[in-house]
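What follows is a short report on a single structure.
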Amino acid sequence: MRTTRYAAAAVAALAALTLSACGGGDSGESEGGDAGGETVRIGIKFDQPGLGYDEGGSYSGFDVDVAKYVAGELGFTEEQIEFVEAPSANRENLLSNNQVDMIFATYSITDTRKETVDFAGPYFVAGQDLLVPTDSDITGPEDLEGKNLCSVTGSTSAQKIKDQYPGVQLVEQPGYAECVTAMGGGQIDAVTTDDIILAGLAAQDANAGKFKVVGNTFSEENYGVGLPKGSDKCEDINAAITKMIDDGAWEEAITKNTEGADYTYNAELNPPTPAPCA
């Protein structure tokens with residue numbers, strides 16, 4: 001009996017040591033700000049060249065570069081980042097259901113969205129613009145009367161054109177890549193959505209030199225970092241965004257991901273100053 005009691009005590013002690021060594025938690029930083037062996041789950045777009053693009057498990061784009069920089073400032077290595085696809089319609093659910101820790105996915109900060117999620121940033125201010133062939137004389141939406149303009153079915157960009165420019169012949173496609181293909185074939189005169197999304201499309205190797213972003217925005221979209229409601233990471237993320245801007249990495253990321261697109265961001269709005277956290 002004595003031997004049995006000693007054996008049981010040894011097993012219990014070993015179990016306690018094992019649990020102490022392993023730690024716990026699904027994601028986030030460990031005590032002291034060091035991420036240790038944890039991972040961080042970051043939502044991005046998988047289908048937006050120049051912003052968030054999945055190239056067979058390798059991720060590229062401006063949103064991806066900002067996400068990596070911010071994660072690094074929070075104590076995570078690139079190997080500790082798990083990228084998760086975050087389509088526009090699913091972003092709030094991904095955050096509310098704890099499926100991601102933060103989202104960098106052309107995620108505009110709005111009052112309606114703030115009711116269910118928190119935001120850090122913005123880290124970029126986009127605006128609805130036009131992508132046209134390089135030899136086009138279109139300089140803004142006022143030049144589109146009677147012309148064929150392409151946008152994505154159900155998008156806010158398409159709705160804005162319907163509401164404000166009824167004389168435009170709006171052609172709707174399932175995705176922006178289809179719009180660009182149609183424009184390359186001469187079927188349409190211009191494509192519209194946020195300027196940096198257009199720049200990413202124009203910067204693809206297959207499109208380089210064929211199209212240009214007009215540079216005459218007619219809306220304002222503040223891209224923020226989506227966070228679960230009540231997150232305590234806003235201040236740290238804003239500090240990381242500010243550091244990225246100050247040390248030149250932000251500018252480098254913009255240039256790299258829009259190269260060949262004949263694109264210049266709105267310098268009156270960019271780089272932005274992150275808003276105070278709620």
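The values are calculated or read from the model by the stated rules, or taken from the named source; none is laboratory data. The shown structure was predicted, so the numbers you read here are calculated from the model rather than taken from an experiment. Don't worry about glycine lacking a Cβ; one is built from the backbone with ideal geometry, like all the others, and counts go over all protein chains shown. Areas reflect the complete protein model, heavy atoms only, side chains present, ligands, DNA and RNA absent. Shrake-Rupley method; radii C 1.70, N 1.55, O 1.52, S 1.80 Å.
From the list 58, 96, the lone residue that is among the polar types (S, T, N, Q), open to solvent by 40 Å² or more (accessible area, probe 1.4 Å) and touching a Ser or Thr at 6+ places or on another chain (Cβ under 8 Å) is 96.
Is it the case, given these coordinates, that residue 215 is among the small types (Gly, Ala, Ser), open to solvent by less than 40 Å² (accessible area, probe 1.4 Å) and modelled with pLDDT of 90 or more?
no
Taking first residues from the stretch 190-204 that are within 9 Å of residue 157 (Cβ to Cβ) and partners that are among the β-branched types (Val, Ile, Thr) and in a helix (DSSP H, G or I), the Cβ contacts under 8 Å between residues at least 6 apart in sequence or on separate chains come to 192/161. Filtered by the rule that a residue be farther than 22 Å from residue 41 by Cα, in a helix (DSSP H, G or I) and under 14 Å from the mean Cα position of the chain (by Cα), the stretch 215-265 gives 254, 257.
Looking only at residues in the stretch 48-59 that are assigned to a strand (DSSP E or B) and over 11 Å from the mean Cα position of the chain (by Cα), the one that is nearest to residue 255 (Cα to Cα) is 59. All told, residue 173 meets the bar of being in contact (Cβ under 8 Å) with a residue 12 or more places away in the chain, touching a helix residue (DSSP H, G or I) at 6+ places or on another chain (Cβ under 9 Å) and either over 30 Å from residue 69 (Cα atoms) or of a type in the set (Asp, Glu) (or both).
For the stretch 225-233, the count of residues that are acidic (Asp, Glu), surrounded by fewer than 22 Cβ atoms within 10 Å (Cβ to Cβ) and touching an Asp or Glu at 6+ places or on another chain (Cβ under 9 Å) is zero. When you scan the stretch 85-97, do you find a residue that is assigned to a strand (DSSP E or B) and within 26 Å of residue 271 (Cβ to Cβ), even just one? No, that holds for no residue. Suppose the filter is at positive phi, in a loop (DSSP other than H, G, I, E, B) and surrounded by fewer than 17 Cβ atoms within 10 Å (Cβ to Cβ); does residue 167 pass it? No. The set of residues in the stretch 238-259 that are closer than 15 Å to residue 204 by Cα and out of contact with any Pro (no Cβ under 9 Å at 6 or more places or on another chain) comprises 255, 256, 258, 259. So how many residues does the stretch 29-48 have that are at pLDDT below 95 and open to solvent by 20 Å² or more (accessible area, probe 1.4 Å)? So the count comes out to 12. Only a single item in (1) over 18 Å from residue 52 (Cα atoms); (2) assigned to a helix (DSSP H, G or I); (3) at pLDDT below 95 is not met by residue 177, and it is number (1).
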